[in-house]
Structure formats: structure tokens, C-alpha cells
1. If the requirement is being part of a helix (DSSP H, G or I), open to solvent by 10 Å² or more (accessible area, probe 1.4 Å) and at pLDDT below 90, which of these qualifies: PHE438, PHE382, PHE418?
2. If you take the residues of the range 471-487 that are of a type in the set (Val, Ile, Thr) and more than 17 Å from LEU396 (Cα to Cα), which of them is least open to solvent (accessible area, probe 1.4 Å)?
3. Does the range 443-451 contain any residue that is under 22 Å from TYR499 (Cα atoms), in a helix (DSSP H, G or I) and open to solvent by less than 80 Å² (accessible area, probe 1.4 Å)?
4. Out of the residues in the range 55-79 meeting the condition of being touching a residue at least 60 places away in the same chain (Cβ under 8 Å) and open to solvent by less than 10 Å² (accessible area, probe 1.4 Å), tell me which one is farthest from ALA453 (Cα to Cα).
Amino acid sequence: MILKTWERYFIRQTLKTFFLFICCFYSLYVLIDYATHLHHFHQSKTAFQWGPLFFYYLFDFIKLLEVLIPFALLISTIKMITSLNMHNELVALLSSGIKLKRLLRPFLILGFLFTALLYFNTEIFLPQALKELKSFKEDKAINKAKNLGTKQVLQISLEDGSLFIFQNYNSKEHYFTDSYWIRSIDDLYRIKFLYPNKVVPEGATFINSSQDLAERGKAGSKRSGLNEEDMAKAATFINSSQDLAERGKAGSKRSGLNEEDMASAMSDEEDRSGDAAAGQIPDEFMKVAAKAMSDEEDRSGDAAAGQIPDEFMKVAAKAMSDEEDRSGDAAAGQIPDKFMKVAPEGHFVDHLKRNDEGKLLVVDSYQLLPLKEMHFNKQTLFESITNGQEQSMRDLYGKILSFNEIKSEKQAQLVTSFYYKLALPWLALLVVIAPIPFCVYFTRHLPIFMIYALSIFGLVAFYIIMHSALVLGERQVFSPLLAIALPFTLFMAIFGFRYYTLK
């Protein structure tokens, strides 16, 4: 479609006002918001950082586009058409034989263009922007809660009927903080940090003390009849090969140690807690661990990359697990994928049980513990920590296809969010066709102020009505489709018919 000169002029002038409004309005918003929340962006004793501030307001701009674009398009359309009317340019063009609807076509083109832009933003950029903003606000909310002494408690019901309660979830790093896993009234775990989807070897165990190492080593030798040399090689996997790789690399960087010195370097004051309590692993075990994980220069990089010699992998598997569960010793990525599984991993875990006197006492404590008996349903977990507004329309549509009927409030929220996201971008077209009949009214005294005032008031009223419909649909007062479609269709029908009757 080739645009005529006057059409390009209409579009160019409208876009000038559009971008001027966007820049001025959002700049003023940033200034007021920053002045109001200054303490969120600046902490004492730390240098001011422009990066986080820039990205925060960039994501916030993406979030506000569904409001900024309709408002800017409304103002620019009214300004352009009333200006043409007041300067009698519309009369001149109509006198040349051009029909009124033909004159208004450039504004419809802009309406459809920005509708497509809003759909693109809603599907691609908005979900990620909302997640980043949520992560930022979570950090600030945690600090604020600590300062005020307030706490919140959330819960998730697991597949086995047990209950998981937590205080906070870090959506960026994907872990829970200050959580409890209540298996029964007499058995529960207190967990400082929980990673729900940690990839670990099936059957993996973690050494938290030298006593644990001794007991597992003794059990392994009984199962397989390994000699002392083989057991020393098996000790390579004290915690995880990645852990030892990192420690080996750090040890070699400190002084360029040889294999014998690596043993002592890996168990000094700053590295003792990871492998065994107070470094009580026998020296000969540490020497073999150093030899297995690093060569004369620094083989820790190879170990981290999964290039540990096969003989060490075989010995470890035989010593630490049975034939059918050979994956329990190597760290993630060191063994075939078929042995790997996703299991929650707890950091700083206390296991509490009720004694005969009815008191809950700590029976075990762990620095690191894979909770292989804790089973999160991926869909339930995802829905518990995210809402429909943070998901794309494609993701929402994939979920609601599985709903034969809406049976819970969470399902109603997802369905309502999908219809809301589907309808709202068309507001860019509605704000174009709604004020046009009032702007092209030919009179000596065109009430421009009233046109602006009523149009802005109508747009605000539309947002209020649509958000009310969103709440009604989520609360299942009405069906989600009816709650969203009824008010939107009503607005489109009224103003669309009025535009259609223009001559």
C-alpha cells in the first residue's frame, strides 16, 4: 500500500506528538518514582550504581507500555484531528472529493500498528520484564521485612501429602529461604536454603563429617571387598567432583603446589568445612584425591569438565553404591544422563523428630542434603510461585487446553489472564476510533478541552472496568470469558458503530 503525501504527513505529525508525550510523561514518572523510593536504589557505604537503576526503569517501561501507548495515541490522535479541523484543512480535503473515512485511514493504520506492537510486547518482553521486576522487589521486600520484623508464610502441598512452607522465594536464583518440610506431625526438616530443581546423581550422598565418611567407607568396603588403595581412590568423591575441582584449583593457584602439598592445601583453615569436619580425613586419602582431581600443573579444570579418568569413576561407583545404583558418587555431569535426576537440595538442614516426651528435637544437622523423597509437582510449583500476568499468552494457552473445566481459583486466574492479555492490545485501536466522531464535528466553537477531558476520563474508566472484570473472573464470580469479553465488546460495539456511521 502506497501512502499519499497528505497521509504521510498525518502519520508523521501524529507520531511526533506520540513520542513527545511518551518521553515527557515517562521522564516525569521516573523522576517522581526515584525521589519517592530513593532508599531502594542507594545503600549506605556503597557506591551508586547506574546499571541496576537503568535496567529497573527499562523493565518498568516495558511493563507500563500497555498504559503509555493507549494514552499517548489518544492524545496525539485528538491533537492532530482537532488541529486539522480548527485550521479548516479537513474542509479543504473534503472539498477535493476525498471521503471522510478515507481521510481517517492513516489513524486506523496507526491503531492497528500499535495493537500489533502491544501484542509483541505482551508475548515477548513483558513476561521477562515482570520476572526481573519481581526479583528486584523481592530483594527489597526481604530487607524491608527484616527491618520491620515482619514475616510472611506461604505453603505448597506436595504429591506425597506432606506440606512445604516457606517465607520467601528468589525467582531469579530459584531457591526458597527459611522453609520447613513437614512430613508428619512427628517428623520435619528445617531448611535455610532449598533449591527445588537441583540436578544431582541418582542416589547421591554428601559427606558432612568425618564420621559420615568413615561409616560410608566401611559399608562400601564390606559390599565390594575393595582394598585400601581402591578405597582411597573412592574418597575422591567426598562431596562432589565439582567441589574438589574448585578447591584443587584454588590450592594450586595459591602457590603452585605439587601433589603431596595439594593434600595439605585442600584441608587448611579456609577449606576444611567442605570435605570433612576439621580436616580429619587421613593424609593418604587426601593425596589420592589430589592426584585424581589434578595433575602436576592443575587438572581441576578437566575434572570440572567431566574428564576424570574412567578407572576412578568405576572404583568410586563400586565402593559407594550397589551395581544397580552406581551413580551415587560422581557429581552432576560426570556420569551418563540416565543416572541423573532432579531432586530438591537443602543447604543448612536440621532434621527434627518428636521424642517420647512429645518434644521436637534436632536429631541430625547437615550442611548439604539432597532430599530425594521430596517430590515437587513441576506444574504446581510453577503455578504457586508465578501468576498469570508473568506468563506469555502461548504458555497460558498451553495450560488452559488441559482444563476440561475450571476447578480451582488458580485455574480461573490463568484463564482470566489469558483472555485479558488477548483483549487489552486492541485498546490501541479503540482509543483511535472512539474520539474521532467528536473531533470531526464541524462547528465554529469546537469544545477541544471537553474532548480531551472526556476522552481521558473514558480511558481511565475503561482501565478500571477491565481490572474489575479481571478480579471478577479470577474470583469466579463470572466465567473468565464472560467477565473479560462483555465490557470490552460493549465498548468496541458502541464506539465502533459510531465510527461506522460517519459519512
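1. Unique residue meeting the criteria: PHE382.
2. Residue satisfying both the conditions and the ranking: VAL471.
3. Yes, the conditions are met somewhere in the range 443-451.
4. That would be ASP60.
The values are calculated or read from the model by the stated rules, or taken from the named source; none is laboratory data. Only a predicted model underlies this, so the values are computations on that prediction, with no experimental measurement involved. Here Cβ is always computed from backbone atoms with ideal geometry, including for glycine, and neighbour counts include all displayed protein chains. All accessible areas refer to the heavy atoms of the entire protein, side chains included, with ligands and DNA or RNA removed. Shrake-Rupley method; radii C 1.70, N 1.55, O 1.52, S 1.80 Å.
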